[in-house]
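The values are calculated or read from the model by the stated rules, or taken from the named source; none is laboratory data. All figures in this text were calculated on a predicted structure; none of them were measured in a lab. Note: ideal-geometry Cβ built from the backbone for every residue, glycine included; neighbour counts use all protein chains shown. The accessibility values were calculated without ligands, DNA or RNA, using every heavy atom of the protein model including side chains. Shrake-Rupley method; radii C 1.70, N 1.55, O 1.52, S 1.80 Å.
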Amino acid sequence: MDVMQIEFRQAERSRIHEVDFNNLPFGKHFSDHMFVADFVDGEWQNQQIVPFDNFTLSPALSSLHYGQSIFEGMKAYKNDVGEVLMVRPLDNLARMNESARRMCMATLPEEVFMGGLEALLRLDADWVPNTPGSSLYIRPYMFATDTFLGVAPSKTYRFCIFTCPVGTYYAKPPKVKVETEYIRAAEGGVGYAKCAGNYAGSMYPTMLAQQAGYDQLLWTDAKEHKYFEESGTMNVMFVIDGKIVTPALSDTTLKGITRDSILQIARHMGIGIEERQVSVDEIISGIESGRVTEAFGAGTAVVVSPFSVIGYKGKDYMLAEHPADKSIAMRIKTFLTDIRTGKSDDIFGWVYKV
Ligand SMILES: *Cc1c(COP(=O)(O)O)cnc(C)c1O
């Protein structure tokens, strides 16, 4: 299958002028078109680019009942000559297929994923913002479409990609609370999959944290609540004695592409890296002694998001805000942003030009 097989139906008129590109809330404005493909009779077919619009779905749609539903998140930027750039899109495809295998869903061939993505971004290129801090958020996702009640893998699936121009995710550094009662994922479970249910399960404990004045949770391990896992839709990192320390990957954490990019950049900058168990005690006592100087989340939506406060057992531990050139997190964020926007050389071979 190649790009030629995509059927196009273009929007009669663009909605782009209805959007204020200087004020972009996350995930509220949708670009003109979407890519859709269906897995039927054991193969991907009906590849289409159509105006962003509602689907018609059966009340018995299996994904609504039993949750075979997975997604990805990526971003596109514009360089200064207006070309559309993405980084590492094939890593998103690989992860989507890992999620699909864990959820017993159909996997996606590169031609469908990349062909659809490129065709969509070419058609909606005007929607890719070029103002600093803004980008086009890309949401590829897949869900089961059998109309059948029964806990069994669906035989049919729909894959869709739509996009949203977005600004920055958190307006100011978030306050995070260490969660010591609820869990996000346990060993042997589905924590490493970007499956819809993981996020549904996180909402109630997150709401409780927000009622207590925090923005987001810092998850700990399911057995002892002793070691950090990740935060919201971000991996977490700490700076201890000038080194980046981050929880090692396992089947309970999402394998973040931003996390990996940050570690590669840190290595390139000569900053020390440790991927290992990181205990809550180590971080709390490290903040008190001054050895922990930074704590931040890393993910596509936020890129890098320094935490201002870590709340633990009813007490708030403050993290000082550093000037951008002194903060390791912000230095790495700038480095990564410069690669993504084509401002600096693509020394890691990550950039994919549409
Ligand atoms: C998507 C996600 C991340 C970050 O992954 P990126 O590839 O960097 O965007 C981290 N944790 C969770 C739970 C996520 O859903």
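Here is a check on your reading of the model: is residue 284 more than 16 Å from the ligand (Cβ to nearest atom), over 18 Å from the mean Cα position of the chain (by Cα), over 30 Å from residue 340 (Cβ atoms) and of a type outside the set (D, E, K, R)? Talk me through it step by step, then tell me what you get.
Working: more than 16 Å from the ligand (Cβ to nearest atom): yes; over 18 Å from the mean Cα position of the chain (by Cα): yes; over 30 Å from residue 340 (Cβ atoms): yes; of a type outside the set (D, E, K, R): yes.
For residue 284, the condition - more than 16 Å from the ligand (Cβ to nearest atom), over 18 Å from the mean Cα position of the chain (by Cα), over 30 Å from residue 340 (Cβ atoms) and of a type outside the set (D, E, K, R) - is met.
Considering only residues that are farther than 13 Å from residue 112 by Cβ, charged (D, E, K, R) and away from the ligand (no atom under 16 Å from the Cβ), which ones fall in the stretch 38-96?
Listed by number, the residues that qualify are 41, 53, 78, 80, 83.
Looking at 147, 163, 168, 107, which one is of a type in the set (Ser, Thr, Tyr) and at pLDDT below 95?
Exactly one residue qualifies, and that residue is 168.
Under 9 Å between Cβ atoms, which residue pairs at least 6 apart in sequence (or on different chains) link something in the stretch 322-350 that is on the phi > 0 side of the Ramachandran plot with a partner that is of a type in the set (A, V, I, L, M, F, W, C) and part of a loop (DSSP other than H, G, I, E, B)?
Listed pairs, sorted by first residue: 342/81.
I'd like the full set of residues that are open to solvent by 20 Å² or more (accessible area, probe 1.4 Å) and either part of a loop (DSSP other than H, G, I, E, B) or touching a helix residue (DSSP H, G or I) at 6+ places or on another chain (Cβ under 8 Å) (or both), limited to the stretch 85-94.
Answer for the stretch 85-94, where residues must be open to solvent by 20 Å² or more (accessible area, probe 1.4 Å) and either part of a loop (DSSP other than H, G, I, E, B) or touching a helix residue (DSSP H, G or I) at 6+ places or on another chain (Cβ under 8 Å) (or both): 87, 88, 90, 91.
From (1) touching a residue at least 60 places away in the same chain (Cβ under 8 Å); (2) surrounded by fewer than 22 Cβ atoms within 10 Å (Cβ to Cβ), pick out the condition that doesn't hold for residue 290.
Failing condition for residue 290: (1).
Assuming residue 204 fulfils every condition listed in (1) among the aromatic types (Phe, Trp, Tyr); (2) free of Cβ contacts under 8 Å to residues at least 24 places away in the same chain; (3) crowded, with 23+ Cβ neighbours inside 10 Å apart from one, which condition is it?
(3)
Can you report the number of residues in the stretch 244-302 which are over 17 Å from residue 328 (Cα atoms), among the polar types (S, T, N, Q) and part of a strand (DSSP E or B)?
Within the stretch 244-302, residues that are over 17 Å from residue 328 (Cα atoms), among the polar types (S, T, N, Q) and part of a strand (DSSP E or B) number 1.
Looking at (1) open to solvent by 50 Å² or more (accessible area, probe 1.4 Å); (2) touching a Lys or Arg at 6+ places or on another chain (Cβ under 7 Å), can you tell me which one residue 272 breaks?
The single condition residue 272 does not satisfy is (1).
Taking residue 53 as the residue in question, decide whether it is on the phi > 0 side of the Ramachandran plot, at pLDDT 95 or above and acidic (Asp, Glu).
no
Keeping to the stretch 239-258, report how many residues are within 14 Å of the ligand (Cβ to nearest atom), within 26 Å of residue 285 (Cα to Cα) and of a type in the set (A, V, I, L, M). Working first, answer last.
Residues of the stretch 239-258 that are within 14 Å of the ligand (Cβ to nearest atom), as a first pass: 246-247, 249-258.
Within this subset, residues satisfying the condition of being within 26 Å of residue 285 (Cα to Cα) are 246-247, 249-250, 252-253.
Filter once more, so that each one left must be of a type in the set (A, V, I, L, M): 249.
Summing the residues that are within 14 Å of the ligand (Cβ to nearest atom), within 26 Å of residue 285 (Cα to Cα) and of a type in the set (A, V, I, L, M) in the stretch 239-258 gives 1.
Conditions tested, residue by residue: (1) touching a helix residue (DSSP H, G or I) at 6+ places or on another chain (Cβ under 6 Å); (2) among the hydroxyl-bearing types (Ser, Thr, Tyr).
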{"position": "177", "(1), (2)": "yes, no"}
{"position": "187", "(1), (2)": "no, no"}
{"position": "205", "(1), (2)": "no, no"}
{"position": "211", "(1), (2)": "no, no"}
{"position": "217", "(1), (2)": "yes, no"}
{"position": "227", "(1), (2)": "no, yes"}
{"position": "236", "(1), (2)": "no, no"}
{"position": "239", "(1), (2)": "yes, no"}
{"position": "242", "(1), (2)": "no, no"}
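Table: residues versus (1) of a type in the set (Asp, Glu); (2) open to solvent by less than 50 Å² (accessible area, probe 1.4 Å); (3) more than 28 Å from residue 340 (Cβ to Cβ).
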| residue | (1), (2), (3) |
| --- | --- |
| 10 | no, no, yes |
| 13 | no, no, yes |
| 31 | no, yes, no |
| 36 | no, yes, no |
| 46 | no, no, yes |
| 57 | no, no, yes |
| 61 | no, yes, yes |
| 79 | no, yes, no |
| 83 | yes, no, no |
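Looking only at strands (runs of 3 or more DSSP E) that fall completely inside the stretch 17-84, which ones have 2 or more residues that are not assigned by TED's automatic domain parsing to the domain that holds residue 161?
none
Checking the condition within 15 Å of the ligand (Cβ to nearest atom) and either within 21 Å of the chain's Cα centre (by Cα) or within 24 Å of residue 181 (Cβ to Cβ) (or both), which residue from 308, 261 passes?
Step by step, each of 308, 261 is checked, and only 261 is within 15 Å of the ligand (Cβ to nearest atom) and either within 21 Å of the chain's Cα centre (by Cα) or within 24 Å of residue 181 (Cβ to Cβ) (or both).
Search the stretch 216-238 for residues being away from the ligand (no atom under 11 Å from the Cβ) and either touching a Phe, Trp or Tyr at 6+ places or on another chain (Cβ under 7 Å) or among the β-branched types (Val, Ile, Thr) (or both), and hand back the single one that is farthest from residue 173 (Cα to Cα).
Among those residues, the one meeting the criterion is 221.
Would you point out which residue out of 196, 212 is away from the ligand (no atom under 11 Å from the Cβ) and in the same structural domain as residue 180 (by TED's automatic domain parsing)? Working first, answer last.
Working: 196 fails: away from the ligand (no atom under 11 Å from the Cβ).
None of the others qualify; the one that does is 212.
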